[in-house]
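Below is one structure, written out as structure tokens, with a few remarks after it.
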Amino acid sequence: MRLQISIRESGDVTILDLRGRATIGDNELLRSHIRELMAKGVRKFLLNLTDLRQIDSSGLSIIAKTYVSLRDQGGDLKLLHPGGHTLDVLKVLHLLEMIPTFEDENQALASFRPLSDVATP
């Protein structure tokens with residue numbers, strides 16, 4: 001199954017529900033959604049990985065670069081419920097040590113601080 005993305009909001013957090021496989025041919029969809037949302041001022045992302053069955057290096061690169069970019073802009077990106085192959089890859093690359101990851105959506109949403117509380121350089 002090709003990558004499918006549903007976008008929803010909870011307060012000031014934008015949740016991207018990723019389903020299927022995030023592989024080289026499909027990752028442009030993820031990149032374009034994130035760029036478009038950031039251009040509209042979105043700075044808080046929760047990537048729901050519950051139904052993401054596979055991710056390759058280009059998908060991981062998009063996630064890591066987005067995380068760094070958002071942090072530099074006073075925003076944040078967090079991961080929700082990675083499993084299977086996706087979890088294994090995130091562990092091997094130590095991305096779970098860098099990007100906050102949650103098993104419960106409510107806990108993940110509660111962990112975001114208001115943008116006004118985020119220190120900016």
All positions within segment 77-97 that are surrounded by 21 or more Cβ atoms within 10 Å (Cβ to Cβ) and either free of Cβ contacts under 8 Å to residues at least 12 places away in the same chain or not in a strand (DSSP E or B) (or both): P82, T86, L90
Would a scan of segment 33-50 turn up a residue that is under 23 Å from G84 (Cβ atoms) and in contact (Cβ under 8 Å) with a residue 60 or more places away in the chain? yes
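Which of the residues belonging to segment 13-27 are of a type in the set (A, V, I, L, M, F, W, C) and closer than 13 Å to L80 by Cβ?
Once the filter is applied, which keeps residues that are of a type in the set (A, V, I, L, M, F, W, C) and closer than 13 Å to L80 by Cβ, segment 13-27 yields V13, I15, L16, L18.
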Exactly one condition in (1) over 25 Å from M1 (Cβ atoms); (2) surrounded by 12 or more Cβ atoms within 10 Å (Cβ to Cβ) is false for P114; which is it? (2)
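Every residue, every condition in (1) surrounded by fewer than 20 Cβ atoms within 10 Å (Cβ to Cβ); (2) over 23 Å from F102 (Cα atoms), yes or no:
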position: E9; (1), (2): yes, no
position: T14; (1), (2): no, no
position: L18; (1), (2): no, no
position: R21; (1), (2): no, no
position: G25; (1), (2): yes, yes
position: L30; (1), (2): no, no
position: R35; (1), (2): yes, yes
position: A39; (1), (2): yes, yes
position: L47; (1), (2): no, no
The correct count of residues that are open to solvent by less than 60 Å² (accessible area, probe 1.4 Å) and closer than 11 Å to A22 by Cβ in segment 55-76 is 8
Looking at L60, L49, can you tell me which residue is closer than 19 Å to I24 by Cα and not in a helix (DSSP H, G or I)? L49
D104: passes all of (1) touching a residue at least 40 places away in the same chain (Cβ under 8 Å); (2) out of contact with any helix residue (DSSP H, G or I) (no Cβ under 7 Å at 6 or more places or on another chain); (3) among the acidic types (D, E) but (1)
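The values are calculated or read from the model by the stated rules, or taken from the named source; none is laboratory data. Here the structure is a predicted model, which means the values were calculated and not measured. Glycine also receives a Cβ, built like all others from the backbone with ideal geometry; neighbour counts cover every protein chain displayed. Each accessible area value is taken on the protein alone, full model and side chains, heavy atoms only, with ligands, DNA and RNA left out. Shrake-Rupley method; radii C 1.70, N 1.55, O 1.52, S 1.80 Å.
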